[in-house]
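Working notes, structure below.
The values are calculated or read from the model by the stated rules, or taken from the named source; none is laboratory data. These numbers were taken from a predicted model, which means no experiment stands behind them. As a convention, Cβ positions derive from the backbone with ideal geometry for all residues, glycine included, and neighbour counts pool all protein chains shown. For accessibility, only protein heavy atoms count, side chains too; no ligands or nucleic acids. Shrake-Rupley method; radii C 1.70, N 1.55, O 1.52, S 1.80 Å.
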Amino acid sequence: MTTFSKKKTKLYKNELFSLAKLVFLIPITIIILLLIFLWSSSSTIISGNIIHLCFQSRKLNDLYCISAGTHPNLEAPSSFSSNVTTSATKIVDDLQQKSTRLGIPIPPGYHAFRNGMVKSDEELLVAYNQVEDQLEMHRSWTSTSQNHNATLCDGRGIYVYELPTKFNKDLVSQCADMVPWVDLCDYFSNDAMGEQVQKLGKGWYQTHQYSLELIFHSRVMNHPCRVQNISEAELFYVPFYAGLDVLRWHFKNVTNDVKDSLGLELVKWLESQPTWFKRSACELHAGKDHIFVLGKISWDFRRYNNSNWGSRFLELNEMQNPVKLLIERQPWHLNDIGIPHPTFFHPQSDNDITKWQLKLLNESRKSLISFAGAARPDAPESIRSILINQCTSTSECKFMNCSSGSCDQPESIIELFIESEFCLQPPGDSPTRKSVFDSLISGCIPVIFDPFTAYYQYPWHLPEDYKKYSVFIDQEDVRNMKVNVVDRLMKIPAGEKQNMRRYIIYELLPGLVYGDPKSKLEKFQDAFSITMNNLFERLTRLEL
């Protein structure tokens, strides 16, 4: 064979090899292109101990983020390992089921979250399962102690910072003109429990829904684990009334810089304290052992672009590590933990709780269903008008129109709920409602339409099995007129209703109320005791 023929043969072989290599690479190329397509509109941002997986909206300029906490020293449950990088196979399998692991249905097509982001089915499923993973983590910190006097101090103390008064007391002093149409000063009396409601009996007060910061502060000051010597502390409570700070600017024409100013001052003050860096000299881990209690919803402290509502307090880098206890958590932030809204009931003794439980068990429920609320004509996605129409079209349901002011009186609300078997709890201005807890402490079974109203909020105070204490009806089915809520509830057997009510009254009720600061509960743990015990248990688990 000539030299030319040899070269030609070799060239031919090389071409065949290149062609075979190209054919082999095609599937890999397709996979890579697919991955690039899926991730081209996303980015991963690490901030403190939070991982944010952010998707660019097709319709908005804002990023929408789902976030997961990272705790390298904490052994996470096995299901928590796929927080961010969920496989394509799992997404397809889960989408076929069209529900989360807890059995909550995924709304078809789209779902509008707080900031107006419209998410695809795939992203939505990942987001829902992300929340369930985080709640599983929260529940892993739950204290097993059944006696709140057997506290988890064990040499661990909680230190209460004595902040400059501008961060708390001075805010309370503005109670008269904080909200244009109501004087909050009476609500903040009696250790923020408000004026007594004699008609409902001992332990009942006109408690405002935004009074959690003050109530919690009063309770911490008397906690048996509180220490005066800062060197003995393992937890640090920061009594900053950030909710009142936000509330005072809601209805005033001020700049966003003004709304953010006090929060920024607080961060500077904390950074001047050596305890802020107790667990780490690294700024990225500062404040991990600090606790904030915020009496408004998380979104009020997470102002997003082009909005004038609320502050940016919880978006500050310095606020990513501390634990934030809120009446409504941001579902994708591990360090946001939901705790109950304050109710009107603040028992002083075990006997107060026992007497109330017996009263509820002996009540005759005159109405099958009740709904205390108002329509949202300016919110096209709201299902309230549909529920009101279904309720008022039958004698089985009693509607209390809150737009008339009738819901401002605790006795009106509680008496309505005491007489009802089911209480409708659709979302309002945000997913959560104080009314959910008012209904539970009245022995009325809440009907939930959005999992973010309760199921994805309160892992330390409500069980994972939501069917024990509530009925879930998908708001998408209501919106699309696929279900009549009254008809659905009428079909629930009497035995099932009785079991749910007894579970609510005996198992849940004591842990949903905040006892009077002078209370001496021995048999029961209230909402505050459960929270404190779990905070100490969390600290123990993080150090294992």
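Of the residues making up the range 281-291, none is among the hydrophobic types (A, V, I, L, M, F, W, C), in contact with a helix residue (DSSP H, G or I) (Cβ under 7 Å, 6 or more places away or on another chain), over 20 Å from residue 543 (Cβ atoms) and open to solvent by less than 30 Å² (accessible area, probe 1.4 Å). Taking the range 247-268 as the range and being open to solvent by 60 Å² or more (accessible area, probe 1.4 Å) and assigned to a helix (DSSP H, G or I) as the test, the residues that pass are 257, 264, 265, 268. Can you tell me which residue within the range 370-392, out of those that are part of a loop (DSSP other than H, G, I, E, B) and in contact with a Ser or Thr (Cβ under 8 Å, 6 or more places away or on another chain), is farthest from residue 199 (Cα to Cα)? Among those residues, the one meeting the criterion is 377.
Looking at the range 481-488, is at least one residue part of a helix (DSSP H, G or I), touching a His at 6+ places or on another chain (Cβ under 8 Å) and not charged (D, E, K, R)?
Checking the range 481-488: not a single residue is part of a helix (DSSP H, G or I), touching a His at 6+ places or on another chain (Cβ under 8 Å) and not charged (D, E, K, R).
Answer yes if at least one residue in the range 450-461 is touching a Phe, Trp or Tyr at 6+ places or on another chain (Cβ under 6 Å) and not in a loop (DSSP other than H, G, I, E, B), and no otherwise. The answer is no; no qualifying residue exists.
Here residue 314 meets each of (1) touching a residue at least 60 places away in the same chain (Cβ under 8 Å); (2) of a type outside the set (S, T, N, Q); (3) surrounded by 22 or more Cβ atoms within 10 Å (Cβ to Cβ); (4) closer than 29 Å to residue 542 by Cα with one exception, condition (1). Among the residues of the range 186-200, those identified as touching a residue at least 12 places away in the same chain (Cβ under 8 Å) and open to solvent by 20 Å² or more (accessible area, probe 1.4 Å) are 186, 187, 188, 190, 191, 199, 200. In summary, residue 348 fulfils each of the numbered conditions (1) open to solvent by less than 10 Å² (accessible area, probe 1.4 Å); (2) touching a residue at least 60 places away in the same chain (Cβ under 8 Å); (3) more than 16 Å from residue 438 (Cα to Cα) with the single exception of condition (1). Which residues, counting only those in the range 383-401, are open to solvent by less than 30 Å² (accessible area, probe 1.4 Å), closer than 14 Å to residue 423 by Cα and aliphatic (A, V, I, L, M)? Across the range 383-401, the qualifying residues are 387, 388. Can you tell me which residues in the range 311-351 are of a type in the set (Gly, Ala, Ser) and modelled with pLDDT under 95? Answer for the range 311-351, where residues must be of a type in the set (Gly, Ala, Ser) and modelled with pLDDT under 95: there is none.
Residue-by-condition table, conditions (1) modelled with pLDDT of 90 or more; (2) open to solvent by 30 Å² or more (accessible area, probe 1.4 Å); (3) within 23 Å of the chain's Cα centre (by Cα); (4) not hydroxyl-bearing (Ser, Thr, Tyr):
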| site | (1), (2), (3), (4) |
| --- | --- |
| 111 | no, no, yes, yes |
| 114 | no, yes, yes, yes |
| 123 | no, yes, yes, yes |
| 129 | no, no, yes, yes |
| 134 | yes, no, yes, yes |
| 141 | yes, no, yes, yes |
| 144 | no, yes, yes, no |
| 177 | yes, yes, no, yes |
| 184 | yes, no, no, yes |
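On the given criteria, is residue 499 part of a helix (DSSP H, G or I), among the polar types (S, T, N, Q) and buried (at least 18 other Cβ atoms within 10 Å of the Cβ)?
Taking the combined requirement at face value, the residue does not satisfy it.
Is it the case that residue 232 is of a type in the set (D, E, K, R), in contact with a strand residue (DSSP E or B) (Cβ under 7 Å, 6 or more places away or on another chain) and open to solvent by less than 30 Å² (accessible area, probe 1.4 Å)? So residue 232 fails the test.
Applying a threshold of 7 Å to beta carbon distances and a minimum spacing of six or more residues, or different chains, the list of pairs starting in the range 406-418 at a residue that is within 14 Å of residue 368 (Cα to Cα) and ending at one that is open to solvent by 40 Å² or more (accessible area, probe 1.4 Å) and at pLDDT below 95 reads 418/363.
Yes/no per residue for (1) open to solvent by less than 10 Å² (accessible area, probe 1.4 Å); (2) among the acidic types (Asp, Glu); (3) not in a loop (DSSP other than H, G, I, E, B):
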| site | (1), (2), (3) |
| --- | --- |
| 477 | no, yes, yes |
| 495 | no, no, yes |
| 505 | yes, no, yes |
| 517 | no, no, no |
| 523 | no, no, no |
| 530 | no, no, yes |
| 533 | yes, no, yes |
| 540 | no, no, yes |
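Looking at the structure I just gave you, is residue 218 open to solvent by 70 Å² or more (accessible area, probe 1.4 Å) and not in a loop (DSSP other than H, G, I, E, B)? No, not satisfied.
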